[in-house]
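The values are calculated or read from the model by the stated rules, or taken from the named source; none is laboratory data. In this text, all values refer to a predicted model and were calculated from it rather than measured experimentally. For neighbour counting, all protein chains shown are included, and Cβ atoms are generated from backbone atoms with ideal geometry for every residue, glycine included. Note: areas computed on protein heavy atoms with side chains; ligands, DNA, RNA excluded. Shrake-Rupley method; radii C 1.70, N 1.55, O 1.52, S 1.80 Å.
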Amino acid sequence: DTEVTQTPKHLVMGMTNKKSLKCEQHMGHRAMYWYKQKAKKPPELMFVYSYEKLSINESVPSRFSPECPNSSLLNLHLHALQPEDSALYLCASTEGLANVLTFGAGSRLTVL
Amino acid sequence: QKEVEQNSGPLSVPEGAIASLNCTYSDRGSQSFFWYRQYSGKSPELIMFIYSNGDKEDGRFTAQLNKASQYVSLLIRDSQPSDSATYLCAVKAEGGKLIFGQGTELSVKP
């Protein structure tokens, strides 16, 4: 299995909702990432987990809460989001921090 | 100064021509360099990575790295309409962060 699987593919939520994005990989990768991408812009790093521990938080607002329950799973919990948080959220994984990132297909989030 | 810079384009080339995409980076200590292709509405997919000075070829794609000039490029030979996409240059930074350039939009005209 050489894939990173993200669910859901599309999510529409109100500003008062609580939802979660999920990411799963079975490649034995020990580093996992969340990126946010707005239209016509490059991906922006949000969080990096290495060996299930949060190693980088790029000053992301607390309404985004990452969680890494085990080495195969990465979640992004969403609460009280703003319309400007609407974007494509990309999960990626890599065998080690120096290696190549493999991206999932992304979750497209719309906040109303 | 941005950490990774690319010409945003759009770059338009005729089918069969060579497309040349360029990227400069600011951190002289960077060791790992990547080119990703991204179709509209899709996630980035890896085209090539390069770690050493010089050229690296894979099919129609050649990546070129010059660490002294802090410059990395991607050449696409025999460009096809299916190559039309945004090409993202990325550099691995401290802590495993992958820093992306703004991307160059490539259009290959039949």
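Name the residue that is most open to solvent (accessible area, probe 1.4 Å), counting only residues in region A:82-110 that are more than 11 Å from chain B (Cβ to nearest Cβ) and closer than 12 Å to A:K36 by Cα.
Only one residue fits best here, namely A:E84.
What is the one condition in (1) outside any strand (DSSP E or B); (2) within 14 Å of another protein chain (Cβ to nearest Cβ); (3) of a type in the set (G, A, S); (4) at negative phi that A:S55 does not satisfy?
Unmet condition: (1).
Which pairs turn up if I take residues in region B:26-43 that are farther than 12 Å from A:G106 by Cβ and look for partners that are aromatic (F, W, Y) and open to solvent by less than 20 Å² (accessible area, probe 1.4 Å) with beta carbon separation below 6 Å, at least 6 apart in sequence or on another chain?
These pairs meet every condition: B:R37/B:Y87.
For region B:90-99, which positions are facing chain A (nearest Cβ under 9 Å) and open to solvent by less than 20 Å² (accessible area, probe 1.4 Å)?
Selection gives B:A90, B:K92, B:G96, B:L98.
Please determine whether any residue of region A:28-43 is assigned to a strand (DSSP E or B), modelled with pLDDT under 95 and of a type in the set (S, T, N, Q).
no
Quick grid of which residues meet (1) surrounded by 14 or more Cβ atoms within 10 Å (Cβ to Cβ); (2) out of contact with any Ser or Thr (no Cβ under 9 Å at 6 or more places or on another chain); (3) closer than 22 Å to A:N99 by Cβ:
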site	(1), (2), (3)
B:S12	no, no, no
B:I18	no, no, no
B:S40	no, no, no
B:S43	yes, yes, yes
B:L46	yes, no, yes
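I'd like the full set of residues that are within 11 Å of chain A (Cβ to nearest Cβ), of a type in the set (F, W, Y) and under 20 Å from A:K41 (Cβ atoms), limited to region B:36-75.
Of everything in region B:36-75, just one residue is within 11 Å of chain A (Cβ to nearest Cβ), of a type in the set (F, W, Y) and under 20 Å from A:K41 (Cβ atoms), namely B:Y36.
If B:I99 satisfies every condition in (1) modelled with pLDDT under 95; (2) part of a loop (DSSP other than H, G, I, E, B) but one, which is the exception?
(2)
Of everything in region A:65-81, what is within 25 Å of B:G41 (Cβ to Cβ) and either open to solvent by less than 10 Å² (accessible area, probe 1.4 Å) or modelled with pLDDT under 95 (or both)? Give them in sequence order.
Result: A:L74, A:L76, A:L78, A:L81.
Among the listed residues A:K9, A:K22, identify the single one that is open to solvent by 90 Å² or more (accessible area, probe 1.4 Å), within 16 Å of A:E67 (Cβ to Cβ) and basic (K, R).
A:K22
Against the conditions (1) under 28 Å from A:S107 (Cα atoms); (2) of a type outside the set (D, E); (3) surrounded by 20 or more Cβ atoms within 10 Å (Cβ to Cβ), where does B:S79 fall short? Just the number, please.
The single condition B:S79 does not satisfy is (1).
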